[in-house]
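One structure below.
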Amino acid sequence: MDFRLTDDQRALQRGVRELLAGRFGPEALRAAVDRGGTVDRELWRELGAAGFFSLRLPEAQGGAGLGLPEAVLVFEEAGRALLNGPLVATHVAAERSPEAAEGTCVVTCATQLRSLITHFAAADAALVIHGTGIRTRRPKDLPHTRPVRSMDPLTPLHRIPDGTPKAPPRPDTVLLTAAEQLGSAARTTDMAVRYAGEREQFGQPIGGFQAVKHLCAQMLVRTELARSAVYAAAITEDFTEIAGAKLLADEAAVRNARDCLQVHGGMGFTWEAEVHLHLKRAWLRGQMWLTAAEAEEIQADALASAL
Amino acid sequence: MDLTYTEEEEAFRARLREWLDLSLPKLSARPDPLDWPGRRAYDTTWQRMLYDAGYADVHWDASPTQRLIFLEETERAGAPYVGANFVGLLHAGPTIAAEGTAEQRERWLPPVLRGDEIWCQGFSEPDAGSDLASLRTKAVRDGDSYVVTGSKIWTSHAEVADWCELLVRTDPDAPRHRGISWLAMRMDAPGVTVRPLRTLAGSAEFAEVFLDEVRVPVANRVGEENDGWRVTMVTLSFERGTAFVGEVVACRRTLGELAAAARANGTWDDRVLRRGLGRLNAEFSALWRLIQWNVSESQKTGGVPGVGGSVFKLRYSHARQELYEAAAQILGPDAFDLDRQWAADRLSSLSYTIAAGTSQIQRNIVAERILGLPKGR
Ligand SMILES: Cc1cc2nc3c(=O)[nH]c(=O)nc-3n(C[C@H](O)[C@H](O)[C@H](O)COP(=O)(O)OP(=O)(O)OC[C@H]3O[C@@H](n4cnc5c(N)ncnc54)[C@H](O)[C@@H]3O)c2cc1C
């Protein structure tokens with residue numbers, strides 16, 4: 001047993017982080033907010049070219065033949081950068097659509113957020129996922145969808161009036177969303193620590209005050225527990241473990257964003273600071289594919305069936 | 001990233017499992033928690049059985065992965081953990097192995113492994129708990145002895161210990177961290193008085209130790225004179241890094257028993273309670289994964305656990321308390337019956353956020369040593 005990342009995995013992680021830092025830095029993020037969160041098609045194609053969507057496809061299908069652990073590392077970086085767009089749905093759609101794999105087509109999903117659908121206006125196709133099966137619909141096959149004023153400025157939402165069939169979520173969609181939450185949790189920890197080391201009050205950096213220091217320490221503890229859970233679930237692919245990973249990653253992302261906001265004081269409550277974007281997205285992802293209540297029931301079932 | 005065990009490791013597991021199946025039935029029944037001599041006898045017998053079977057030094061010499069397997073299997077089989085041997089096996093032993101001279105290793109390690117000698121930890125003092133470096137017990141050199149005077153507190157298992165890993169101040173004029181030395185003291189030396197303290201769980205788990213001109217040979221000093229703080233940091237990294245691993249396996253078993261109890265008494269139908277157990281299940285599974293992560297990381301540092309131990313201890317100590325709070329809700333009135341193991345365990349769980357460094361101190365460590373935030377007060 002050696003849980004550490006291999007050299008290849010570390011190189012992949014570094015590569016994606018550099019790509020996103022160059023292509024989706026603070027200015028691009030602000031531009032995305034100003035655009036109302038619509039997908040940057042050019043960036044989408046670049047992600048496609050870099051293998052973001054085709055990562056797990058066999059080499060014969062133009063993929064890299066990598067596994068869930070590698071996909072998790074890549075989605076963690078996306079979460080860290082707060083990259084917007086229906087990333088998980090397009091990644092899944094790549095299995096059956098070369099355009100999705102290449103990033104020339106944006107695919108959302110109608111069964112990820114109960115009666116809401118994300119990035120509907122920008123999407124070329126919408127998936128409907130039933131268990132392990134998927135069906136592709138075109139947006140016009142989902143009539144009467146109405147725009148909703150989305151709380152997350154980076155995730156446009158529409159309401160599907162008839163609701164959508166409730167189906168058990170695909171494990172990989174749950175885990176990749178958890179990986180995004182993990183990246184976000186790690187990022188808000190970094191942001192809080194950096195701010196606490198720079199901002200001075202009472203003649204010293206606020207990070208020297210224990211009340212602030214302890215908030216930051218707890219953020220790291222949540223992140224590292226979630227990381228162990230998410231990485232292990234990527235290796236075992238066990239659905240109970242995946243559900244647990246989502247539960248802990250949701251908690252880490254939401255609570256870390258809240259603590260980060262607190263550490264930033266009044267600045268944290270402004271539109272300018274990035275913190276609110278992490279919090280709003282973390283709340284949204286917490287409801288995607290698998291909610292905390294559902295994850296807890298899955299865990300409880302596992303306990304009961306082990307009796 | 002690989003969570004599978006090698007063939008060699010699986011063979012180790014299979015051999016161990018077979019030995020446990022054969023040996024555990026030979027062990028007498030667990031003694032009453034209040035019967036200290038009985039507990040000592042039970043724990044040292046178990047250590048002797050491990051010694052004879054070649055497993056005694058698993059906490060020191062085995063690979064970190066073998067140690068994990070050992071803890072997993074012994075816990076699963078319901079075998080005793082280190083018990084009264086915990087200081088010798090988990091802190092003093094590894095510290096002497098890392099910092100002691102060849103002579104010292106030869107003198108002290110084999111009796112720990114054989115279960116012949118029990119150690120206790122004399123670090124904390126009435127005025128030096130979290131602020132350990134402010135300790136005042138003084139040791140004055142007289143020929144080839146130190147003459148030690150002062151008092152220690154919260155010394156676990158002091159009543160049954162043969163040896164004490166003792167921190168003393170050998171230079172009162174040096175800066176706080178610089179004047180400390182690490183000594184091995186016999187508990188039956190003239191001038192040592194042990195006064196048991198009753199814990200809130202009712203047992204005499206720890207004691208006050210008064211030291212009145214106790215003579216300790218200079219040869220019993222581990223590390224250089226006045227370099228004891230560095231040696232102490234080695235001890236503490238073992239204490240936080242690996243000492244709790246076996247307990248996570250035990251908590252997972254306890255959680256399963258709790259689910260069974262909830263099904264039997266109908267509280268399982270209470271959605272809030274049921275989901276709370278589900279959440280704890282996710283939490284303890286993740287804590288196990290975090291241990292595997294820390295163990296893998298420690299392979300880089302030759303098996304000495306890093307500050308990751310503080311991250312683990314913080315989350316684990318709180319999770320353990322939540323587990324017993326959930327138990328109390330599910331068991332209802334039975335939770336007040338001290339003859340039920342649940343009740344005793346619930347009480348003892350309260351010490352986890354205090355012993356081996358309080359949660360507040362662990363947060364300082366994480367913030368300063370991992371996150372690099374400024375030291376403050
Ligand atoms: C069951 C048990 C077994 C033990 N066994 C042993 C043993 O075998 N040998 C041994 O040497 N010791 C032992 N201890 C002692 C243990 O290490 C100390 O209790 C612990 O380090 C706390 O010290 P204290 O009790 O003096 O509390 P204090 O240091 O007085 O702390 C009181 C409170 O103040 C907080 N506090 C103190 N300083 C700070 C700070 N800088 N920032 C924020 N908060 C702070 C603490 O977190 C705590 O909440 C044991 C303790 C227990 C409970």
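The values are calculated or read from the model by the stated rules, or taken from the named source; none is laboratory data. As the structure is a prediction and not an experimental result, all values here were calculated from the model. A quick note on method: Cβ atoms are made from the backbone with ideal geometry, for glycine too, and the neighbour counts reach across all protein chains shown. Accessible surface areas use protein heavy atoms only, side chains included; no ligands, DNA or RNA. Shrake-Rupley method; radii C 1.70, N 1.55, O 1.52, S 1.80 Å.
Elements of the type helices (runs of 4 or more DSSP H) sitting completely within region B:276-377 and holding at least 2 residues that are among the charged types (D, E, K, R): these cover B:308-331, B:341-349.
Yes/no matrix, rows are residues, columns are (1) modelled with pLDDT under 90; (2) within 14 Å of another protein chain (Cβ to nearest Cβ):
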| residue | (1), (2) |
| --- | --- |
| B:GLN299 | yes, yes |
| B:GLY309 | yes, yes |
| B:LEU314 | no, yes |
| B:ALA344 | yes, no |
| B:ALA356 | yes, no |
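Scan region A:241-254 for residues that are in contact with a Lys or Arg (Cβ under 8 Å, 6 or more places away or on another chain) and either away from every other protein chain (no Cβ under 11 Å) or under 14 Å from A:MET288 (Cβ atoms) (or both) and jot them down. A:LEU247, A:ASP250, A:ALA253 - these are the residues of region A:241-254 that are in contact with a Lys or Arg (Cβ under 8 Å, 6 or more places away or on another chain) and either away from every other protein chain (no Cβ under 11 Å) or under 14 Å from A:MET288 (Cβ atoms) (or both). Of the strands (runs of 3 or more DSSP E) that lie entirely inside region A:88-175, those containing 3 or more residues that are within 19 Å of the chain's Cα centre (by Cα) span A:107-109, A:116-118, A:125-130. Taking the condition within 16 Å of the ligand (Cβ to nearest atom), open to solvent by 10 Å² or more (accessible area, probe 1.4 Å), in contact with a helix residue (DSSP H, G or I) (Cβ under 9 Å, 6 or more places away or on another chain) and part of a strand (DSSP E or B), does B:GLU208 pass? Answer is yes for this residue.
Taken together, A:ALA229, A:ALA273, A:ALA257, A:ALA196 contain a single residue that is closer than 17 Å to A:THR291 by Cα and either more than 9 Å from every other protein chain (Cβ to nearest Cβ) or open to solvent by less than 20 Å² (accessible area, probe 1.4 Å) (or both), which is A:ALA229. If you go through region A:1-51 and pick out every residue that is farther than 30 Å from B:TRP288 by Cβ and not acidic (Asp, Glu), you end up with 29.
B:TYR324 meets the conditions (1) at pLDDT below 90; (2) surrounded by 15 or more Cβ atoms within 10 Å (Cβ to Cβ); (3) more than 13 Å from the ligand (Cβ to nearest atom) in every case but one. The failed one is (1). Kindly indicate the residue of region B:358-374 that is more than 7 Å from chain A (Cβ to nearest Cβ) and among the charged types (D, E, K, R) and also farthest from the ligand (Cβ to nearest atom) among those meeting that condition. Taking the candidates together, the pick is B:ARG369.
Scanning region B:221-242 for residues that are under 20 Å from B:ARG136 (Cβ atoms) and either part of a helix (DSSP H, G or I) or at pLDDT below 85 (or both) gives B:GLY228, B:TRP229, B:ARG230, B:VAL231, B:THR232, B:MET233, B:THR235, B:LEU236.
Being hydroxyl-bearing (Ser, Thr, Tyr), in contact (Cβ under 8 Å) with a residue 40 or more places away in the chain and within 15 Å of the ligand (Cβ to nearest atom) is the filter here, so list the residues in region B:124-163 that pass it. The answer is B:SER130, B:SER134, B:THR137, B:SER151, B:THR155, B:SER156.
Screening B:LEU183 on (1) within 14 Å of the ligand (Cβ to nearest atom); (2) over 28 Å from B:GLN360 (Cβ atoms); (3) open to solvent by 20 Å² or more (accessible area, probe 1.4 Å); (4) assigned to a strand (DSSP E or B) shows it passes everything except condition (3). From the residues in region A:58-72 that are assigned to a helix (DSSP H, G or I) and more than 13 Å from A:ALA233 (Cβ to Cβ), which one is nearest to the chain's Cα centre (by Cα)? Here the residue is A:GLU70.
State whether the residues of region B:248-261 include one that is surrounded by 19 or more Cβ atoms within 10 Å (Cβ to Cβ), more than 23 Å from the chain's Cα centre (by Cα) and either modelled with pLDDT of 95 or more or assigned to a helix (DSSP H, G or I) (or both). Yes.
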